[in-house]
Structure formats: structure tokens, C-alpha cells
1. So between Glu156 and Glu302, what do we pick up on full extension, going 0.36 nm a residue minus the alpha carbon distance?
2. In square angstrom, what is the accessible area per residue of segment 181-310 with a 1.4 angstrom probe?
3. Please identify which residues in segment 209-241 have an amide N closer than 13 Å to a label point set 7 Å out from the Cα of Thr191, following the Cα→Cβ vector.
4. Work out how much length Asp203 to Asn282 would gain on full extension: take 0.36 nm times their residue separation and subtract the Cα-Cα distance, in nm to one decimal.
5. Using 0.36 nm per residue, how much length does the chain from Asp90 to Gln148 gain when fully extended, once their Cα-Cα distance is taken away?
6. Of all accessible surface on segment 364-432 at a 1.4 Å probe, what whole percent is carbon and sulfur?
7. Could you compute the FRET efficiency for Lys465 and Lys429, with r as their C-beta to C-beta distance and R0 at 45 Å, rounded to 0.05?
8. Calculate, for Ile134 and Leu448, the FRET efficiency according to 1/(1 + (r/R0)^6) with r their C-beta to C-beta distance and R0 35 Å; round to the nearest 0.05.
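The values are calculated or read from the model by the stated rules, or taken from the named source; none is laboratory data. Since this is a predicted model, take the numbers as computed values, not measurements. We place every Cβ from the backbone using ideal geometry, glycine too, and count neighbours over all the protein chains shown. Protein only, heavy atoms only, side chains kept; ligands, DNA and RNA dropped before computing areas. Shrake-Rupley method; radii C 1.70, N 1.55, O 1.52, S 1.80 Å.
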Amino acid sequence: MVAFPFYLPFPTRGIEFQTALINSSSWSYFKKTNPNLLSHLSMAKTNKTKRPQLIKQEEQIGDIEDLFSEEDTYKIRASLLEWYDKNQRDLPWRTSTKKSENGENVQEEEEEKRAYGVWVSEVMLQQTRVQTVIDYYNRWMLKWPTLQHLSQASLEEVNEMWAGLGYYRRARFLLEGAKMIVAEGIEFPNTVSALRKVPGIGDYTAGAIASIAFKQVVPVVDGNVVRVLARLKAISANPKDKTTVKSFWKLAAQLVDPSRPGDFNQSLMELGATLCTPLNPNCTSCPVSSQCRALHNSRNDELVMVTDYPMKVVKAKQRIDFSTVSVVEISRSQDRSQQTKSNSRVLLVKRPDEGLLAGLWEFPCVTLDEEADLSLRRKLIDQLLKKSFKLNPPKNCNVISRELVGEFVHVFSHIRRKIYVELLVLHLKGGKHVLFEEDDINTTDWKLLDSEAISRMGLTSAVRKVYSMVQKFKQDGSSNNSVPLRKRPKCS
């Protein structure tokens, strides 16, 4: 057995570091070759109340790039790759690179196709569970199998395909990036620096594409990697802090296997996703548990748990706002009893190309900073319909019915929104052309669609929820909030 080197800036930290490396088979040898260190080890075990502070001191180290010893680096690489080869999940974006008859990798075409698939999968996987992504990925690649195919798509088509995944900016950036690469007539970028110039590709995605598709020896750092590295080195510093983030990138770069960089990066992420999970890590099955200092600390101090690493960051408080949505149904019939799916259309509006949910379709709505009563909500919707669509009963349309459907809460990443839903059925006196009366109406993108067309659209989950509520409400019958026909209230 070869003795491991020691580094002892102060005794207790050196002991903790050393014992994390020594297994039972080398204990006898350790006692003979390091008699003076045993007294320090005993002191460290008995003085448990100081241990958390000692861990904290170690986390203050400014440069942790060299904390992985050369021996640990080799062990971690070998153990993770062996585990990954045996246990990796069968995922559609992990297809092997094809080989030619003489055993060499097939050329740029295949490489670029692989890079495109990695790009799509990595973007989809951001903030989304793997099982959810699989079906979306397969449908996407079936429709747009190459970068060239995607570059010819419209934003509306892409949004329709993306519907339900959320964070729609990701889809827009994918489309913009594809169009940029194809328009410039360049090969698919194969280095981190070149990839970073593509819209929507950050450090993580660039590292994933470069290492997995082009075998570049570069690291990746996502939430799973941060958790694994934090536990391997017992780093409980704030993982969102800029200095700490840089340290994680240095550690990840040190570990990347030069012969299999893509597989190693995936093994690190796979470990975090399947075994080294946030709340219930399966340490007994972990291939690098012998190098895990968090596990070592937890076994030697009852006050310490593996899940203490990394530090739990308090999430920013979600902003609370309110929205009133009007599902405006334009009916050809003035008689409510004669309304059918075939003689009515529903108004949808396209959101601005910038900001939250940019370029997506929704029902007319108004966002509120504070809760409002029914009267004020209807007044705001009336103002919107008059200003944007010149809908002004009884001048150019009649109100057949106006009913409160219900309300629900929808949670975005940073917003908690309470949404009020109403169904407003109108009959246009002059027909559909009423909506074209003013020249400036063309500044608002809108559609009148039947229920079948709406069901095929790529709507966000909140918009789809609104429409489902309205459909169910219509099936269940009228509510007590219906406006009688004889009142014919104005929209403004």
C-alpha cells in the first residue's frame, strides 16, 4: 500500500482530509507510518462541537482548484466511467456516434447532427424533468431532424411544438440560433468560445455540446454537478455565489477525463440525477463514496449530514399579481339557444415579441398589481376590447351573455398569479369586418378560431387551463353570474 501525501495547514483539517482517503485495509500501515497524527485524530473526534466551524473555515479557501489530488482525480474518473457504462439511462439523445467500415468516426455531417441533438436535449432539459423531455425531444427530432430543417421553421410552429414545456424563451433561442448558423453558412460551432456566440447558449450548454459531440476536454457545471462536487469536497458555501461558482468550474475542469470528456461529464450529471440526489442520496450505491468527504464527515459527526452540502439557498420570494382573462366568443347567431361550435369563433391575441411569454397566443387579458372586484375587472377588459378591437356594444356588437367562469392560481418561476376567467359571447352587427374598421387594428396580431383549431395550437399550460375551464363550464350549463339578454350592457 502506498502512503498518501499529507498537507497540514492546521492539524484537524489535515486529519479529516487524510482519513477520507484511507480505507480499512490500509489502517495498520497508517498507524505505523503516522503515529503522531493519531493524537490529533482523537482530539478531532472528541471535539464535535467545533467541527462545523472547521468545515466553514475550509470553505473560505479562495482557490480550491488543487483540492483534488492526482490520485483522487484518477480514481474518480475511473470509478464514474465504469459506473456510467453499466448504469446509464437509455435516453434518445445518447445515441452512439456511427462508425464507418474501417472503424473511424463518420465525418462532419454525423458530428453536426449529434451536436444538434445534444443542443436540443440540453435546452429542453433546463428546468424540466427527463421523463417529460423524452416525448418532446422525439417529436421535435422527427419534425426537424437537422439544423437546416429547424432554420426553416416559424416561431409559431416552434412554440406549438414546445407547448407545455414552459420557459418559452428557450425555444425562441433555439430557432434564432439555428437561423443564425445556417444564414452565415458556417459549420456547427465546435468550441466553447464559438458556441457562446450563438443566441441562448451559455457556459453549461456550450460545454455539454463541445464535450459530448466534439470530444473537447471541457467541463460542464449544472445543479447536479454542483451537488456532487460540493459533497465530494464538503463545500457548503453558497452555490450561487460568483466565487463559489468559479471554484466549481475549476474542480469540474480538473476532473474531466481527457479520453472520454463527453461521457465523463454525463456520468457526473447522471450521478447527481440518480444517486446523489438533493434529499435522499443513495450513498451505498455511489461509485465515488470513498472519495466523498461529506459522507466521511457525516459518519464521524452526528451533527453533520450529507444533505448539508451544498448550502440550501433561500429562494427569492415570488411576486404576487393578478390577471383577468376574457374568453371572447364571436357568435353568428343572436339567439343563445342556437349557439353551436360550428357557428362561433374564439378570439386569440398574440403577445409582444419581447418580455414574458413573448410571441405566444392567449385570450384577451389584463394584468393587475392588486386584487380587483368583478366590476373593475370587467371595466378593464371592456377598455381593452374597445381600444384593441373596436368592440363597442351596442354600437357594433351585442352582448349575448357574460359569465364568470372561475379562478385559479398559476405559478411561474418568479410570479404567483391569480387568474380570473370570464366567458363573453358577442354577436357582431356588421360581421367579422368590424374588427378591421380602423387602420391601427393591424398593429395587434389576433385570430378567430374554432375549438378544433384551438386544441391544435401550441398554447401555454395557463392558457390551456383557461380554455378547459370554459369548455367544462359550457358543458355544465350557465352559472348564476350570467348577464340577462335584456340588459345589453355596454363594454365600456
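1. Length gained, Glu156 through Glu302: 47.0 nm.
2. Working: 5260 Å² over 130 residues.
Result: 40 Å² per residue.
3. 216-217
4. Working it through step by step, the gained length comes to 25.5 nm.
5. Taking 0.36 nm per residue and subtracting the Cα distance, the gain is 18.2 nm.
6. Carbon and sulfur together cover 50 percent of it.
7. With R0 = 45 Å, the Cβ-Cβ based efficiency is 0.90.
8. The value I calculate is 0.50.
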